[in-house]
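The values are calculated or read from the model by the stated rules, or taken from the named source; none is laboratory data. Since the structure is predicted, the reported quantities are computational estimates derived from the model, not experimental observations. Every residue, glycine among them, receives a Cβ derived from its backbone with ideal geometry; neighbour counts consider all protein chains shown. When the accessible area is computed, the model is the full protein with side chains, heavy atoms only, and any ligands, DNA or RNA have been set aside. Shrake-Rupley method; radii C 1.70, N 1.55, O 1.52, S 1.80 Å.
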Amino acid sequence: MKTNTNTASRINVRKMTMTALLGAVSAVLMLFSFKVPLMPSFISMDFSELPALIASFALGPLSGVAVALIKNLLNLFSSQTGGVGELSNFLLSCCFVLPAGLVYKYRHTRGGAILGALAGAAVMAAVSVFTNYFIVYPIYTQFMPMEAIMGMYQAINPRVENLLEALVMFNMPFTFLKGMCSVVITVLVYKKLSPLLQGKK
């Protein structure tokens, strides 16, 4: 009984340590954002969802959520949105890694991982429309007039008439693509990383 307790304790400590480590890596990746073509200049790409997705698969969905939380708490120190951007990022990360981790937990196969990650990316993309419309862009308008924001979208596609259209046409597919980049990389590296994270090597 004591041996089982000690083993469980070691597993929990390792799980917390790996979760914290992945959270730190995710926070660093969030700093290395870059601009992408066909998107307004204030929208950037990063790979900070990658460690959260890996954690969700290897350590469980709650670890994926914890990685997203750690990432955004660390980035609060350099926040330019008073924490609102970090809140939105956390919510979207949860929408991504929770479905992915839950599907993989009950369908523990490569196909289950891909299916879960696709579902998570789709949920994240859909929810991004609402988080941007109700949380992020109201903050942006404190620093940049809505006319200027819409002008950046309309410079790319003059047919865009309002913010909701812009979010559906630009932000939603961009967010899905961002999630899919993490999915592809995870599929490529997960088999090698998983044993290390779970202490099986």
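Within segment 134-187, being within 19 Å of Phe90 (Cα to Cα), modelled with pLDDT of 95 or more and among the aromatic types (Phe, Trp, Tyr) holds for Phe174, Phe176. The residue that is most open to solvent (accessible area, probe 1.4 Å), counting only those in segment 159-201 that are touching a strand residue (DSSP E or B) at 6+ places or on another chain (Cβ under 9 Å) and more than 30 Å from Lys15 (Cβ to Cβ), is Leu177. Regarding segment 124-133, can at least one residue be identified that is at pLDDT below 95, touching a Gly at 6+ places or on another chain (Cβ under 8 Å) and open to solvent by less than 70 Å² (accessible area, probe 1.4 Å)? No, that holds for no residue.
Among the residues of segment 171-178, is any in contact with a Phe, Trp or Tyr (Cβ under 7 Å, 6 or more places away or on another chain), closer than 20 Å to Ala122 by Cβ and touching a residue at least 40 places away in the same chain (Cβ under 8 Å)? Reasoning before the result, please.
Of all residues in segment 171-178, those in contact with a Phe, Trp or Tyr (Cβ under 7 Å, 6 or more places away or on another chain) come to none.
Among the residues of segment 171-178, not one is in contact with a Phe, Trp or Tyr (Cβ under 7 Å, 6 or more places away or on another chain), closer than 20 Å to Ala122 by Cβ and touching a residue at least 40 places away in the same chain (Cβ under 8 Å), which makes the answer no.
Among the residues of segment 25-45, count how many are of a type in the set (A, V, I, L, M, F, W, C) and under 15 Å from Tyr153 (Cβ atoms). First the steps, then the outcome.
In the first step, residues of segment 25-45 are kept if they are of a type in the set (A, V, I, L, M, F, W, C); the result is 25, 27-32, 34, 36, 38-39, 42-43, 45.
Still in the running and under 15 Å from Tyr153 (Cβ atoms): 36, 38-39, 42-43.
So the answer is 5.
Restricting attention to segment 14-55, the residues being part of a loop (DSSP other than H, G, I, E, B), open to solvent by 70 Å² or more (accessible area, probe 1.4 Å) and within 17 Å of Val189 (Cβ to Cβ) number 0.
A count restricted to segment 14-38 and to residues that are of a type in the set (Ser, Thr, Tyr) and over 15 Å from Leu74 (Cβ atoms) stands at 1. Scanning segment 71-88 finds one or more residues that are at positive phi and open to solvent by less than 20 Å² (accessible area, probe 1.4 Å). Restricting attention to segment 55-93 and to residues that are of a type in the set (Phe, Trp, Tyr) and touching a residue at least 12 places away in the same chain (Cβ under 8 Å), the residue that is farthest from Ser26 (Cα to Cα) turns out to be Phe57.
Residue check: Ile114 meets all listed conditions (1) touching a helix residue (DSSP H, G or I) at 6+ places or on another chain (Cβ under 9 Å); (2) outside any helix (DSSP H, G or I); (3) open to solvent by 20 Å² or more (accessible area, probe 1.4 Å) but one, namely (2).
Looking at the structure I just gave you, is Ser78 under 13 Å from the mean Cα position of the chain (by Cα) and farther than 30 Å from Pro195 by Cα? Talk me through it step by step, then tell me what you get.
Details: under 13 Å from the mean Cα position of the chain (by Cα): no; farther than 30 Å from Pro195 by Cα: yes.
Taking the combined requirement at face value, the residue does not satisfy it.
Looking at segment 137-158, which of the residues that are of a type in the set (Phe, Trp, Tyr) and part of a helix (DSSP H, G or I) is surrounded by the most Cβ atoms within 10 Å (Cβ to Cβ)? Only one residue tops the list, namely Tyr153.
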